[in-house]
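The values are calculated or read from the model by the stated rules, or taken from the named source; none is laboratory data. A quick note: this is a predicted structure, and the numbers were derived from the prediction, not measured. We place every Cβ from the backbone using ideal geometry, glycine too, and count neighbours over all the protein chains shown. For the accessible areas, the whole protein counts, side chains as well, though only heavy atoms, and no ligand, DNA or RNA atoms are used. Shrake-Rupley method; radii C 1.70, N 1.55, O 1.52, S 1.80 Å.
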Amino acid sequence: MNIRMIATSMVVAAAMAGALIAPSATAAASHGTRGSSQPASSNASATQRVGIDINWVKHSFVGEGADFLRVVVQQNNLTAGDGLRIYIDARSKDPGPEFVVEGYTGSEWTLRKAETWKKFGAQVACPSSFFKMNESKDRSTLRLLWSCLSDQAHFRLAVRANSTNGPNIDWWPSFHKFGNWFSI
C-alpha cells in the first residue's frame, strides 16, 4: 500500500467518524433552554430529541365565573410511563408549594396537599376536574376547580416532568422555583 492510498483511507475514515459524531452533538443542542418556556430549535427533527423537555407552560381561568384553573404543558417526547407534577403555591408567606398535582401517561392522577417539594400529605377531592397527558400531542392539560385550592385567588406554578427515556427530569421555570404570581 502506498502513502497516497493510506492518506486517502485516513481522510475517508475521519469523515465517516465525523458523520457518526455530528448527530449526537446536534441532538444535545436541539433542546430549548432546559426548564424554560422557550421552544426547542426548529432545526432539529423530533427523532433527534432525547428525553423529556418542557417547551412551555400556559395557565388561565376558564368556565363561567372563571371557576377552573387550566394549565397546559407542552413537552417533547412524551411517552408511556412519563410523569408530571404541577406544584401550586397559594401563599406568599410559605416558601414552598401548598398543593401538587401528580399524574402519569395512561394512568390516574391525584391532587394532594404539599408539605415540601418532596413530601406530600392528604389527597384532596376535587370533583369536575381532570388531568390528561396526551402522548400524540406531547401535551398535558389540567383543569382544576380552583375552589379545591382553599379558595385562594393568587397562584404561581412550578412544573417537574420525568421520563423513562434519556435525560429524565426537566423543571419549569427551573429547579424548585416558581413562575410569576397570577390572579383570578
* Structure fact -> By residue number, the members of the stretch 114-130 that are open to solvent by 70 Å² or more (accessible area, probe 1.4 Å) and not basic (Lys, Arg) are Glu115, Gln123, Ala125, Pro127, Ser128, Phe130
* **Options Thr141, Thr110, Thr116, Thr164; residue that is of a type in the set (Val, Ile, Thr), out of contact with any helix residue (DSSP H, G or I) (no Cβ under 9 Å at 6 or more places or on another chain) and farther than 24 Å from Gly81 by Cβ** => Thr116
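Residue-wise test of (1) in contact (Cβ under 8 Å) with a residue 12 or more places away in the chain; (2) closer than 15 Å to Lys58 by Cα.
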position: Arg91; (1), (2): yes, no
position: Gly103; (1), (2): yes, no
position: Lys118; (1), (2): no, no
position: Ala122; (1), (2): no, no
position: Ser129; (1), (2): yes, no
position: Leu144; (1), (2): yes, yes
* Complete set of residues in the stretch 69-85 that are part of a loop (DSSP other than H, G, I, E, B) and of a type outside the set (Val, Ile, Thr) -> Asn77, Leu78, Ala80, Gly81, Asp82
* Please go through the stretch 67-85 and pick out each residue that is at pLDDT below 95, among the aliphatic types (A, V, I, L, M) and surrounded by 13 or more Cβ atoms within 10 Å (Cβ to Cβ). => Leu69, Leu78
* Residue satisfying all of: in the stretch 86-113; open to solvent by 50 Å² or more (accessible area, probe 1.4 Å) and assigned to a strand (DSSP E or B); nearest to Asn162 (Cα to Cα) among these -> Tyr104
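Results for (1) hydroxyl-bearing (Ser, Thr, Tyr); (2) within 20 Å of Trp181 (Cβ to Cβ); (3) in contact with a Ser or Thr (Cβ under 8 Å, 6 or more places away or on another chain), shown as yes or no for each residue.
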| residue | (1), (2), (3) |
| --- | --- |
| Tyr87 | yes, yes, no |
| Ala90 | no, yes, yes |
| Asp94 | no, yes, no |
| Val100 | no, yes, no |
| Glu108 | no, no, no |
| Ala114 | no, yes, no |
| Lys119 | no, no, no |
| Ala125 | no, no, no |
| Phe131 | no, no, yes |
* Structure fact -> Phe178 vs (1) surrounded by 14 or more Cβ atoms within 10 Å (Cβ to Cβ); (2) not in a loop (DSSP other than H, G, I, E, B): all pass except (2)
